[in-house]
1. Any idea what angle helix 32-48 forms with the longest principal axis of the chain, computed on alpha-carbon atoms, 0 to 90 degrees, nearest 10?
2. Could you tell me which of rounded, prolate or oblate describes the stretch 71-117, using a ≥ b ≥ c as the square roots of the eigenvalues of the alpha-carbon gyration tensor, with rounded for a/c under 1.5 and, failing that, prolate when a/b is larger than b/c and oblate otherwise?
3. Quick one: among Tyr88, Tyr14, Tyr68, which has the greatest mean-square fluctuation in a GNM of the chain with alpha-carbon springs under 10 angstrom?
4. Could you calculate the contour length gain from Leu91 to Tyr68, that is, 0.36 nm times the residue separation minus the distance between their Cα atoms, to one decimal place in nm?
5. Choose one answer from Leu72, Leu153, Leu91: the residue with the largest mean-square fluctuation in a GNM of the chain with alpha-carbon springs under 10 Å.
6. Over the Cα atoms of the stretch 119-196, each weighted equally, I'd like the Debye log10 I(q)/I(0) at q = 0.19, 0.24 Å⁻¹, rounded to two decimals.
7. Give me the angle, in degrees from 0 to 90, between the Cα long axis of helix 94-103 and the longest principal axis of the Cα atoms of the chain, rounded to the nearest 10.
8. Quick one: longest stretch of the chain between exposed loop trypsin sites (Lys or Arg not before Pro), exposed meaning at most 16 other C-beta atoms within 10 Å and loop per DSSP?
Amino acid sequence: RVLYQAGQNNWAIYSRALWERSLVETTKAKTIERGLLQMQSLVEELDLKIRTKLIPHDDSEPTSRLKYAHQLPFIPRWELDATLAEKYMSLGVLRSAVEIFERLQMSCETALCYAAVGDEAQAKRVLLKRISDNPNDARALSILGDITQDPQLWNKSWEIGKYVNAKNSLGRYYYNPPSNSGLTRDYDLTLMHLNDSL
């Protein structure tokens, strides 16, 4: 109804409706490609601020254009970019996701993309730089622990920020320790860490 209404469209409602529809379409196998392309097009067009096919040109008065500014706040560009990158990452389009995450300076997400494509050395560099800039980033410490399989990093992440995934990783580590660690399966430690995460 919003997208196909007759007459003058309110640009804020129209663009938001397109965005929400594309988010829904990316959850279905038949429409995922169309939804993703529409998301990408919306992000690009909203940045260029030009008259396009998707976003109608609005010559109306500012009072009309801003009528719903408080009820339907406009999504910031960085949030649109981050959502698009998350969709790319979930679909395996990692190169495009990395480019967006690097531009947004989202270090943890960038490292996860590099790790997903097998470039663990680059993922470590990104995380170490993030930790050197912000030593109290519990999430970065935990992700670095996941890459290096270092329990000390998970413990530090838990001490600094009570980051739950660090305790989950510790539980998995002690349940199924790496062969080069010299450890055997320890149910008590596993249960302790998993209970802490709960």
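The values are calculated or read from the model by the stated rules, or taken from the named source; none is laboratory data. All values derive from a computational prediction rather than experimental measurement. As a convention, Cβ positions derive from the backbone with ideal geometry for all residues, glycine included, and neighbour counts pool all protein chains shown. All accessible areas refer to the heavy atoms of the entire protein, side chains included, with ligands and DNA or RNA removed. Shrake-Rupley method; radii C 1.70, N 1.55, O 1.52, S 1.80 Å.
1. 70 degrees
2. prolate
3. In this elastic network of the chain, the residue with the biggest mean-square fluctuation among Tyr88, Tyr14, Tyr68 is Tyr68.
4. Between Leu91 and Tyr68, full extension yields 4.9 nm more.
5. Among Leu72, Leu153, Leu91, the largest mean-square fluctuation in the Gaussian network model of the chain belongs to Leu72.
6. The computed values of log10 I(q)/I(0) come out as -0.76, -1.05.
7. 80 degrees
8. After excluding every exposed loop site, the longest remaining stretch is 68-161.
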